[in-house]
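The values are calculated or read from the model by the stated rules, or taken from the named source; none is laboratory data. This structure is a prediction, so every number in the text was calculated from the model and none was measured. Backbone-built Cβ (ideal geometry, glycine too); neighbour counts: all protein chains shown. We work out accessible area using only protein heavy atoms, side chains counted, and drop any ligands, DNA or RNA first. Shrake-Rupley method; radii C 1.70, N 1.55, O 1.52, S 1.80 Å.
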Amino acid sequence: MGGARVLLTTSCTHALEMTALLLGIGPGDEFIVPSFTFVSTANAFALRGARPVFVDVRPDTLNMDESRLADALTSRTRVIVPVHYGGVACEMDEIGEIAQSRGVSVVEDNAHGLFGSYRGRPLGTLGSMSTLSFHETKNVSCGEGGALVLNDPALISRAEVFREKGTDRSRFFRGEVDKYTWRDLGSSYVPSDMLAAFLLGQLEKRASIQDARRAVWNRYRTELADWAGKRGVQLPVAAPHVNPAYHLFHMLLPSFGERQALIAHLKRHDIQAIFHYLPLHLSEMGQRFGGRPGDCPVAESVSDRIVRLPFFASLEVSDQTRIVEAVRSF
Ligand SMILES: Cc1ncc(COP(=O)(O)O)c(C=O)c1O
């Protein structure tokens, strides 16, 4: 991760909670998140009493739309939390510039983006902090797990204390102090050694895992291109300055009805296709924070039209052939 300090955590959710603690987020603060994301991106900061400001996503990458940030920023904004959807980078130069000009932090929710890059720089090294997920659905996983990536060295010692129940046990383990004690706020965010070992085995094989995922992604892209063009289906895009992490393969159908029909069609072929992310601004919590239909029209439309195809490193060529044929027969 470009020399950053990385602390394994019990989940990406917990790593995000640690970033909120480290930034001293509290009541009266605001944070900017895309509406089209997993709940933890917002919940970690809301948990500290801050108010989410939801921005819409770009129709091409489904990432936070950087052109909407200027309108979303207020004097209360403390942090912008971009999510590299599917492992395809957000426009980090624009996001970083606007954040810097307004004195606001950037925390990357990089749950999808490990091993992806933006203009040659690894995703997760572009904000002051970033977070990773090793949940069972991710490219490398230990069931439940995550990491906090600290690109700003000034944050390291407090982060170590937060992760270790508010104690300086990390320094004790390194022999820097002869006992450890309560130093600051904290909680229990250290994963077990067994989960870490399980994860390490996969990290050592990251090249073959990523190669396999890239091959599956490219094959879907190539072999579904004609069908998608005829049916008005949008396939995932990655600009030339972006190297994807190949976390998932999604498609946008022209309408909700067609998305539902495709899922049913694939189910009849014993193929599980799923969708995700109900827009956060329309969730029960999002509405309590003032979210209303029409606030983020792209997120609302995408949420109705998205479908994800089976996507994992060990997907057999013959199984992928069957999936491609089933999709084309829709
Ligand atoms: C964008 C995003 N952020 C955060 C998370 C939370 O990750 P974890 O399950 O490791 O807490 C997820 C989980 O899928 C996610 O997709």
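Data for the structure
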quantity	calculated
Viscosity 1.002 mPa s, 20 °C: Kirkwood-radius Stokes-Einstein D of the chain over Cα pairs, µm²/s	104
Per-selection metrics, segment 206-328 (Cα): Rg and Dmax in Å	16.0, 48
Pairwise FRET efficiency - Asp184 versus Val237, Cβ, R0 = 41 Å, nearest 0.05	0.40
Shape of segment 4-162, Cα gyration tensor, a/c cut at 1.5	rounded
Part-to-part distance (alpha-carbon centres) for segment 150-213 and segment 83-107, which is given in Å	25
Top of Arg268, Arg169, Arg78 by mean-square fluctuation, Gaussian network on the chain, Cα under 10 Å	Arg268
Accessible area per residue in Å² at 1.4 Å probe, computed on segment 5-204	41
Accessible surface of the chain [probe 1.4 Å, protein heavy atoms]: carbon and sulfur percent	53
Chymotrypsin sites (Phe, Trp or Tyr not before Pro) within segment 190-237, DSSP loop, no more than 14 other Cβ atoms inside 10 Å	none
Extreme residue, positive dipole direction of the chain, given options Ile274, Gln234, Gly2 (C-beta unit charges)	Ile274
Average projected area [Cα convex hull, segment 181-261], square nanometres	10.5
Gaussian network model of the chain, Cα within-10 Å springs - most flexible of Leu203, Leu73, Leu148	Leu203
Sites matching GluC sites (Glu not before Pro) across segment 216-318 that sit in DSSP coil, with at most 15 neighbouring C-beta atoms within 10 Å	Glu316
Reachable aspartates and glutamates, given that their alpha-carbon falls under 13 Å from the alpha-carbon of Lys179 and they are not under 8 places away in the same chain	Asp168
Selected from Ala215, Ala15, Ala299 as most flexible by GNM, with the chain as the system and alpha-carbon contacts under 10 Å	Ala215
Peptides 181-194, 33-46 ordered by average Cβ neighbours within 10 Å, highest first	33-46, 181-194
19 Å Cα-Cα reach of Lys138 towards aspartates and glutamates, excluding residues that sit fewer than 8 places from it in its own chain	Glu108, Asp109, Glu204, Asp211, Glu316
Dipole in debye (nearest 20) - the chain, about Cα centre, beta carbon charges: Lys, Arg +1; Asp, Glu -1	260
